[in-house]
Amino acid sequence: MVQPVAVTDLYKLVSLAQPVATSDAVFFLQTQMREQEDDYATSIQRFDLHTHATTTWGTLSGKDNALAISDDQRVLTFTSEDPNHQRQVFAQSLTGGSPVQITFDEFGVSAYDWDAKHQIVYYQSAPKKDGKRPAKADPKRPQTISYTKTIYKDNDLGYFAEDERYVIKKQIIGHKTATEIFENPEKFSMGPLSHDGRLLTYSTAGKPEDDNDFSELTYALDTETGAKTVLTGSLMAASLSPVGFNDSDTDLLLWGTTNEIPNISASHLYNYHFADRQLTDLTPDKDVVVGDMIMNADFQQNLSGRVAAFVSDQQYVYTQLSQGTLRLMMATLGDSLSDHQKLVSGPRHVTDFTISADHGEVFFTQSAWTTVAKLSAIALKDGKERDLTDPNHHYETTHQLVEPLRFIFTSDDDVEVPGWYLPPIDAQAKTNYPVILYIHGGPGANYGETFFHELQFHASEGYGVIAINPRGSTSYGQEFQLGVIGHYGEGDYADLMNGLDHVLELDPKIDQDRLYVTGGSYGGFMTNWIESHTNRFKAAVTARSIADWISMYGTSDIGYYFLPWELTGERTMKATDLKPLWNASPLKYVANVSTPTLILHSEQDFRCPIGQGEEWYTSLKLNGVETKMVRFPGENHDLSRIGKPRFRIERMQRIHDWFATHQ
């Protein structure tokens with residue numbers, strides 16, 4: 001019997017990521033939420049390409065991550081936690097046997113590369129300057145936090161420690177101690193190692209002393225001499241990071257943005273040719289976006305973030321975001337952009353990928369509106385595609401997953417705006433039903449062709465669900481994304497209202513007296529803006545929202561550099577320049593609000609601090625609006641995606657219950 005989607009179905013679903021391949025098998029990471037432990041458990045799965053059997057590898061601890069296959073195809077490497085809960089590098093022979101811990105760093109490993117030829121592991125760590133291992137946190141004796149830098153916190157990383165060193169260490173396989181080979185004065189991200197083991201890449205801030213410069217340079221570190229060479233000096237203002245070497249180490253793929261237009265300039269794929277030291281943009285079109293910005297969904301976990309890989313010395317594949325889909329493209333060095341071919345396309349989301357050992361196939365994980373996550377393969381020679389394993393198949397065939405209606409409408413200023421509409425399950429048997437307008441975050445993000453449990457849950461509960469990509473969203477070109485800069489609450493507001501009207505015309509069964517609105521982050525800002533500019537909605541739920549850009553400027557982890565450009569179109573502004581901040585603040589118009597409002601906010605949200613929700617709550621209460629606020633302890637801005645499972649479920653249930661009590 002086919003069942004509706006339940007809020008607790010999150011526990012039944014499996015996410016797939018990080019495929020890596022040998023000649024006989026594809027290894028991948030499988031993640032599932034655990035109800036009793038209230039956490040996420042990861043396991044390494046091995047899919048046999050001959051028998052099609054799937055077996056579990058790794059430490060079986062639920063903590064394995066960062067999969068890789070050694071160049072000599074003899075070892076599976078990954079990271080997991082040691083008994084002190086520090087992340088270390090482990091290795092497991094491809095012939096079988098238990099995994100073996102390779103590194104023993106008391107400060108843990110944040111990234112690593114395996115040199116199979118020389119039996120060396122290079123890894124990144126951040127030891128304390130005094131060399132002492134940090135004491136285990138004692139909730140009864142909390143420690144003070146101090147900082148001196150302008151950027152001192154991050155929503156994902158918390159407060160930045162200023163007593164750390166940023167180093168790379170070299171450890172010979174079989175040894176218990178490592179040798180420090182490199183120290184950087186600033187934080188850096190370690191990149192790939194050349195196949196011959198000679199060059200280790202990393203990226204770091206271009207001008208760390210400049211609080212308004214966000215360039216990132218890529219370097220190559222000679223592992224024998226310690227000499228470092230900047231590879232991206234021809235684009236000093238860009239933010240580029242290394243992706244991968246070709247087999248002969250003559251070329252290196254890089255990925256990033258020129259930063260020419262803040263928050264707007266598309267991420268492109270570049271190639272660095274070592275012989276002539278030339279850096280070339282492989283996707284030289286302002287409207288081509290390389291990489292995944294389909295961030296407004298709620299299910300995929302532990303993705304590698306891989307954007308490109310060499311198939312041969314000259315041929316490569318990469319991900320491209322277009323029209324709400326993430327596809328795989330294939331090209332050869334020297335090709336013009338028009339020669340790049342679609343390898344995997346259509347209405348879906350390629351979430352992760354790897355190249356087969358014989359370089360004849362690409363193994364990839366994918367998702368779509370009614371496909372949770374599965375592992376597939378495509379042949380490079382003839383484009384034949386096949387599914388390998390789908391652990392969610394039983395769920396997908398026994399639950400009422402809604403395939404949305406895709407639509408495009410003409411909004412103000414003759415702007416073409418796309419969206420999706422999920423009618424409620426069993427809509428044909430109903431005479432009327434309510435609808436929820438969902439608004440994504442960003443605004444530089446987008447809804448897309450990927451599984452979204454939360455929207456499916458509401459459709460199963462009898463609601464139509466509308467998801468619109470208003471101007472400002474990614475994947476529709478630079479001009480479309482620029483449409484919101486300096487104009488928050490204008491064209492984007494019109495797009496959302498016009499999109500709602502368009503769907504009301506498409507589906508006359510929608511009860512126009514039961515319209516609801518919700519969104520998070522920028523979507524929370526727009527929810528607050530909408531209810532302060534119209535009373536057409538029966539109820540609203542605003543999550544991790546912005547009410548007051550003035551207080552946001554100095555309290556958000558991105559405030560002082562994000563707000564000036566987004567709200568004024570200028571790169572910087574004085575903290576005392578209050579007018580543009582106040583004019584764009586929903587709080588200025590709070591007296592207009594009459595919509596019953598539920599406010600959801602995480603207490604450790606550093607992106608949109610909880611004070612934003614508190615300001616909105618207090619102002620609504622003092623204006624006599626029916627209002628309720630719910631705080632989620634210990635959670636940050638990413639609650640709806642990676643928060644504690646029980647809180648994620650409670651959050652969705654509270655949205656449902658608020659709308660249900662305001663019918």
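List of remarks:
- Qualifying residue in the range 529-543 (condition: of a type in the set (D, E) and surrounded by fewer than 22 Cβ atoms within 10 Å (Cβ to Cβ)): no
- Selection count where residues are hydrophobic (A, V, I, L, M, F, W, C), modelled with pLDDT of 95 or more and more than 20 Å from T79 (Cα to Cα), scope the range 1-24: 6
- Selected residue (only one of W616, W565 is in contact with a Ser or Thr (Cβ under 7 Å, 6 or more places away or on another chain), aromatic (F, W, Y) and in contact (Cβ under 8 Å) with a residue 60 or more places away in the chain): W616
- Counting only strands (runs of 3 or more DSSP E) that fall entirely inside the range 280-374 and contain at least 1 residues that are among the charged types (D, E, K, R) and at pLDDT 95 or above, the qualifying elements are 325-332, 341-344, 349-355, 361-368.
- The number of residues in the range 1-48 that are part of a strand (DSSP E or B), farther than 18 Å from I649 by Cα and of a type in the set (G, A, S) comes to 4.
- Any hit, the range 165-179, residues being within 24 Å of the chain's Cα centre (by Cα) and modelled with pLDDT of 95 or more: no
- Pick from the range 54-81, criterion among the aliphatic types (A, V, I, L, M) and within 17 Å of V14 (Cβ to Cβ), ranking: surrounded by the most Cβ atoms within 10 Å (Cβ to Cβ): L67
- Yes/no for V372 being in contact with a helix residue (DSSP H, G or I) (Cβ under 8 Å, 6 or more places away or on another chain), crowded, with 17+ Cβ neighbours inside 10 Å and touching a residue at least 12 places away in the same chain (Cβ under 8 Å): yes
- Filter result (over 26 Å from the mean Cα position of the chain (by Cα), among the hydroxyl-bearing types (S, T, Y) and over 30 Å from E570 (Cβ atoms)) within the range 486-532: Y516
- Residue ID - farthest from T77 (Cα to Cα), chosen from residues in the range 167-199 that are among the hydrophobic types (A, V, I, L, M, F, W, C) and in a loop (DSSP other than H, G, I, E, B): A178
So that you can scan it fast, the table gives a plain yes or no per residue for (1) surrounded by fewer than 20 Cβ atoms within 10 Å (Cβ to Cβ); (2) out of contact with any Asp or Glu (no Cβ under 8 Å at 6 or more places or on another chain); (3) without any contact (Cβ under 8 Å) to a residue 12 or more places away in the chain:
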{"position": "K187", "(1), (2), (3)": "yes, yes, no"}
{"position": "P192", "(1), (2), (3)": "yes, no, no"}
{"position": "D210", "(1), (2), (3)": "yes, yes, yes"}
{"position": "F214", "(1), (2), (3)": "yes, yes, no"}
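- Single residue of the range 93-115 satisfying the filter (acidic (D, E) and outside any strand (DSSP E or B)) that is farthest from K128 (Cα to Cα): D105
- Residue selected from the range 544-580 under the condition part of a loop (DSSP other than H, G, I, E, B) and of a type in the set (S, T, Y), by the criterion surrounded by the most Cβ atoms within 10 Å (Cβ to Cβ): S545
- For the range 94-122, a residue qualifies if it is buried (at least 22 other Cβ atoms within 10 Å of the Cβ), touching a Gly at 6+ places or on another chain (Cβ under 9 Å) and hydrophobic (A, V, I, L, M, F, W, C), and exactly one does: I102.
- On the stretch given as the range 154-166, residues that are over 27 Å from I102 (Cα atoms), in a strand (DSSP E or B) and of a type in the set (D, E) total 1.
- The one condition in (1) surrounded by 14 or more Cβ atoms within 10 Å (Cβ to Cβ); (2) in contact (Cβ under 8 Å) with a residue 40 or more places away in the chain that A238 fails to fulfil: (2)
- Qualifying positions in the range 581-607 - surrounded by 17 or more Cβ atoms within 10 Å (Cβ to Cβ) and either at pLDDT below 95 or charged (D, E, K, R) (or both): D605, R607
- Candidates in the range 194-205 are the residues that are farther than 24 Å from G554 by Cα and under 26 Å from the mean Cα position of the chain (by Cα); of these, the one that is surrounded by the fewest Cβ atoms within 10 Å (Cβ to Cβ) is T204.
- Among the criteria (1) at pLDDT below 95; (2) at negative phi; (3) within 17 Å of the chain's Cα centre (by Cα), the one N263 does not fulfil is (2).
- When the range 116-147 is filtered for residues that are charged (D, E, K, R) and not in a loop (DSSP other than H, G, I, E, B), only K128 remains.
- Residues in the range 584-620 that are acidic (D, E) and in a loop (DSSP other than H, G, I, E, B): E603, D605.
- Some residue of the range 206-222 being outside any strand (DSSP E or B) and over 20 Å from K149 (Cβ atoms): no
The values are calculated or read from the model by the stated rules, or taken from the named source; none is laboratory data. What you are looking at is a predicted structure, and each value in this text was computed from that prediction instead of being measured. Cβ: placed from backbone, ideal geometry, glycine included. Neighbour counts: every protein chain shown.
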